[in-house]
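Student: I'd like to ask some things about the structure below.
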Amino acid sequence: MILHCVFLRFKTATQAAEKQAIYDSLVALKDVTPGILDVKSGPNVSPESLNGGFRDGFIVSFENAEARDAYLVHPDHVALGDRIVAATDGGLGGLMVFDMDV
C-alpha cells in the first residue's frame with residue numbers, strides 16, 4: 001500500500017469553504033481513479049510546532065504504486081493539482097509531497 005501524504009501552506013486568504021471544496025474533490029477522485037482505498041484530510045493538530053508552516057494536509061491511500069501512478073496523470077487529478085497550487089502560499093513551494101510504501 002502507498003500512502004501519498006501532501007502537506008499544504010494555504011494562502012491566508014484561502015477560506016475554509018475552499019479548503020473543504022478541495023478536500024471534497026479529492027474524495028471524488030476515488031470514484032474515477034481505480035486503486036484509491038481511502039482519503040483523509042484536515043488541519044495539523046500536532047502540539048510540537050514542527051510543521052514548518054504546513055498547517056493542512058491530506059493522505060490518499062493506494063492499493064499499490066501502479067494505482068498511485070495512474071492517479072498522478074489522471075486529468076481530474078491534474079486539474080485539482082493546479083487548483084491546489086493556486087491556493088497555496090508560494091505555489092509549488094507551498095506544498096510538500098511524501099509517499100510511503102507500507
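Read the figures in this text as sums done on the coordinates, not as results from a lab. Fair warning: this is a prediction, and the values are worked out from it, not measured in the lab. All Cβ positions, glycine included, derive from the backbone under ideal geometry; neighbour counts span all protein chains shown.
Student: Let me know the shape class of region 1-66, please: from the alpha-carbon gyration tensor, a ≥ b ≥ c as square roots of the eigenvalues, rounded when a/c is under 1.5, otherwise prolate if a/b is greater than b/c, or oblate.
Tutor: Because a/c hits 1.5 or more and a/b fails to exceed b/c, region 1-66 counts as oblate.
Student: Under the rule a/c < 1.5 gives rounded, and otherwise a/b versus b/c splits prolate from oblate, where does region 18-102 land using the Cα gyration tensor?
Tutor: prolate
Student: Taking the mean number of other Cβ atoms within 10 Å as a proxy for protection, how do you rank 1-13, 44-56, 70-82 from highest to lowest?
Tutor: Working: 1-13: 16.9, 44-56: 11.0, 70-82: 13.6.
Final packing ranking: 1-13, 70-82, 44-56.
Student: How big is the charge dipole of the chain about its Cα centre, in debye rounded to the nearest 20, if each Lys and Arg gets +1 on its Cβ and each Asp and Glu gets -1 on its Cβ?
Tutor: 380
Student: Assuming R0 = 35 Å, can you tell me the calculated FRET efficiency for the pair Ala21 and Phe98, based on Cβ-Cβ distance, to the nearest 0.05?
Tutor: With R0 = 35 Å, the Cβ-Cβ based efficiency is 0.90.
Student: For Ala13, what charge total do you get from the other residues with a beta carbon under 12 Å from its beta carbon, if Lys and Arg give +1 and Asp and Glu give -1?
Tutor: So the environment of Ala13 carries a net charge of 0.
Student: Helix-only mean residue ellipticity at 222 nm, the chain, DSSP H runs n ≥ 4 weighted -39,500 (n - 2.57), per residue, nearest 500. What is it?
Tutor: Rounded to the nearest 500, it is -11000 deg cm²/dmol.
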